[in-house]
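Only one structure is covered here, and it is reproduced in the block below.
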Amino acid sequence: MSPSRDASPVRNWAGNVTFASTDLRSPTSVEQLQHLVARAERVHALGTRHSFSRLADTDGTFVSCAALEEPIVIDSAAALVWVPAGCRYGELATALQEAGWALGNLGSLPHISVAGACATGTHGSGDTNRCLAAAARSIEYVRADGELITRSAKDPDWAGSVLALGALGVTTRLALEIEPSYDIRQDVWLDLPLPTYLDRFDEIMGAGYSVSVFTDWSRRDTLDLVWVKSRVDATVADGLAWGARAATTAQHPVRGHDASAATEQLGRPGPWAQRLPHFRLQFTPSVGHEQQSEYLLPREHAAAAVAALARLELRPPLLVCEIRTIAADQLWLSPCGGRDTVALHFTWADDDTAVARAVTAVENALIEFDPRPHWGKVFGAVAAEGIRTRYPRSADFRRLVTREDPDRKFGNEFLSRFVY
């Protein structure tokens, strides 16, 4: 039986990118997937399409693994969970919570697929929390010749195998580290003075298990929101000490939007799965019709980089800027690879001309701080220049791709330009 085929235009989640191919296949078994990949001239995996660049594009065949009939399997003895590639984090989190287990970290959106998030360096927040791919301990994927390959953390090329931008093959499932379930409370603070934030950056960003700061930069001397997610057995930060005030109603990260889409706040404790994301699974996340950019810098540059942003005029098209911290990992193509990181994230209105202008201004302001753009988000020529040199192990990754996919079956224009 052949996998189902959809010949409609293929667009990303926000609708701002229409991909080159209209050939989208959805195999229901690994065997179907192997046959499809082996026969294809060009092929690329497509997850939940939460990408704003052409990283996932192909002029050949798209493959979605959402229909693969693979279960979530919890290995309690090893403290691992095997996850089908097309599974979304919200679905995985629900299954783990019901079984008394948890992940150590989640991204802002529970709507994204596990394999797609790991492949692109997507992350959550927290001084001690690494990017989502760093939780992986094994990966199974279909190689260019159709063979099903399993790699583990013991493999010498492991650091290039999970966060691989789809260049090695089509992932079928991954094994992630898990831990016993825990509860989180989420407190929101308003109107944080910018000078205090710059002076006490480490203290504020370390005030919870996961901390995010949101602002639309309409006020140059004040940041709009500080979201502090704390484990219930930890000391709760007092934002009054920073000159902020406690929110008494639920907040949406983007000014003027309905807070019912956001996860529970006001210090009410609840399961990790319902507090670590910013948005609830049943709602459209963020704004929806938007574009996004993100730059990841060495943490030591955080205060200077934030101060540089405060001097820019980004409205419009800026809807909100989010500041987060992430711990270093050792993955070859990770934007957090080898360095503790501050992430500066931008949600833009969907206006190509205005976004291009704003992105150029941001990149010019940040370029001295050694930024790495998020692979799956909008970035411009300033950040793109010399991007390969910002990854010390990029040559090792290219050698791995040459071994696994010598004909670049999984390649595309984006990979050719920025990776190969």
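Determine whether region 275-291 contains at least one residue that is of a type in the set (Asp, Glu) and either within 16 Å of residue 125 (Cβ to Cβ) or not in a strand (DSSP E or B) (or both).
No.
Quick check on my filter: what residues within region 87-114 are in contact with a Gly (Cβ under 6 Å, 6 or more places away or on another chain) and not polar (S, T, N, Q)?
106, 107, 110, listed by residue number.
Which ones in region 212-226 are in a strand (DSSP E or B) and either surrounded by fewer than 19 Cβ atoms within 10 Å (Cβ to Cβ) or in contact with an Asp or Glu (Cβ under 8 Å, 6 or more places away or on another chain) (or both)?
If the condition is that a residue be in a strand (DSSP E or B) and either surrounded by fewer than 19 Cβ atoms within 10 Å (Cβ to Cβ) or in contact with an Asp or Glu (Cβ under 8 Å, 6 or more places away or on another chain) (or both), then 212, 213, 214, 215, 222, 223, 224 are the ones that fit.
How about region 354-394: which of its residues are β-branched (Val, Ile, Thr) and either under 23 Å from residue 326 (Cα atoms) or surrounded by 17 or more Cβ atoms within 10 Å (Cβ to Cβ) (or both)?
Selection gives 355, 359, 362, 367, 378, 382, 387, 389.
Scan region 185-206 residue by residue and report those that are surrounded by 18 or more Cβ atoms within 10 Å (Cβ to Cβ), closer than 15 Å to residue 342 by Cβ and either free of Cβ contacts under 8 Å to residues at least 40 places away in the same chain or within 21 Å of the chain's Cα centre (by Cα) (or both).
Residues satisfying the conditions are 204, 205.
Of the residues 335, 317, which is under 23 Å from residue 164 (Cβ atoms), touching a strand residue (DSSP E or B) at 6+ places or on another chain (Cβ under 7 Å), crowded, with 17+ Cβ neighbours inside 10 Å and not hydroxyl-bearing (Ser, Thr, Tyr)?
Result: 335 is the single residue among 335, 317 that is under 23 Å from residue 164 (Cβ atoms), touching a strand residue (DSSP E or B) at 6+ places or on another chain (Cβ under 7 Å), crowded, with 17+ Cβ neighbours inside 10 Å and not hydroxyl-bearing (Ser, Thr, Tyr).
Quick check: anything in region 172-182 in a loop (DSSP other than H, G, I, E, B) and closer than 19 Å to residue 125 by Cβ?
Looking for residues that are in a loop (DSSP other than H, G, I, E, B) and closer than 19 Å to residue 125 by Cβ, one finds at least one in region 172-182, hence yes.
Pairs needed: first member in region 377-405, within 19 Å of residue 360 (Cα to Cα); second member anywhere, among the aliphatic types (A, V, I, L, M) and at pLDDT below 95; C-beta distance under 6 Å; at least 6 residues apart or different chains.
none
Can you name every residue in region 25-54 that is touching a helix residue (DSSP H, G or I) at 6+ places or on another chain (Cβ under 9 Å), within 20 Å of residue 144 (Cα to Cα) and surrounded by 24 or more Cβ atoms within 10 Å (Cβ to Cβ)?
27, 43, 45, 46, 47
The values are calculated or read from the model by the stated rules, or taken from the named source; none is laboratory data. In this text, all values refer to a predicted model and were calculated from it rather than measured experimentally. Note that each Cβ is placed from the backbone with ideal geometry, even for glycine, and that neighbours are counted across all protein chains shown.
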